[in-house]
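The values are calculated or read from the model by the stated rules, or taken from the named source; none is laboratory data. The shown structure was predicted, so the numbers you read here are calculated from the model rather than taken from an experiment. In this analysis, Cβ positions are derived from the backbone assuming ideal geometry, glycine residues included, and neighbour counts consider all displayed protein chains.
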Amino acid sequence: MIHRKLKDCLKCSKMGEGDRLERMEKMLYDLLVRLERLEAILREAFPDPLVTAALELAMTYSQPATKAVKVAKAVLDVERRLRSKDPISRAIIEALAIREKPLSLSELTEEVRELRGTASRRIVRERVQALERAGIVKARRVGKKVLVDLVMKGEDEDH
């Protein structure tokens, strides 16, 4: 039933991307809640260490779906704010959203290379500067490194 609802949600042309993502995020959250309830029932019914380990693995691998929705929302928000679908800028945003911590320009370039297959440090630096001017990322020098972090919508840039 959840699978059918997700498919219907993806097909619905009347909803905007943000609305579809929000609805999918709620469905994924509801699914996780159901899985947690099922896990509790199974633990009570089968207090076997093997069952416990299997349940923990199942829950561990269900978490990335909610993270993927969070990353997708961040990317779509940035694309709307930039009014651009530049693939390098998108990869920078994805890398920062996935890692959820500031990255040096070198680390960011490596992440972009993993996502796109190719990236130069110079191009990544130029895109970071453009994203910083747009208020999407914040770059700060720490020693010899420049650390880049994502500025989420509604977040105060002074933090």
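Quick look at the values:
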{"quantity": "Residues that are modelled with pLDDT under 90 and either in contact with a strand residue (DSSP E or B) (Cβ under 7 Å, 6 or more places away or on another chain) or outside any helix (DSSP H, G or I) (or both), drawn from the range 97-118", "calculated": "ALA97, GLU100, LYS101, GLY117, THR118"}
{"quantity": "Residues satisfying the stated conditions in the range 78-89, i.e. modelled with pLDDT under 85 and surrounded by 16 or more Cβ atoms within 10 Å (Cβ to Cβ)", "calculated": "VAL78, GLU79, LEU82"}
{"quantity": "The range 126-152 residues that are free of Cβ contacts under 8 Å to residues at least 12 places away in the same chain and closer than 11 Å to LEU96 by Cα, paired with ones that are of a type outside the set (D, E, K, R) and part of a strand (DSSP E or B) (beta carbon under 9 Å, 6 or more apart)", "calculated": "none"}
{"quantity": "Odd one out for GLU132, checked against (1) crowded, with 18+ Cβ neighbours inside 10 Å; (2) touching a strand residue (DSSP E or B) at 6+ places or on another chain (Cβ under 8 Å); (3) closer than 30 Å to ASP19 by Cα; (4) not basic (Lys, Arg)", "calculated": "(1)"}
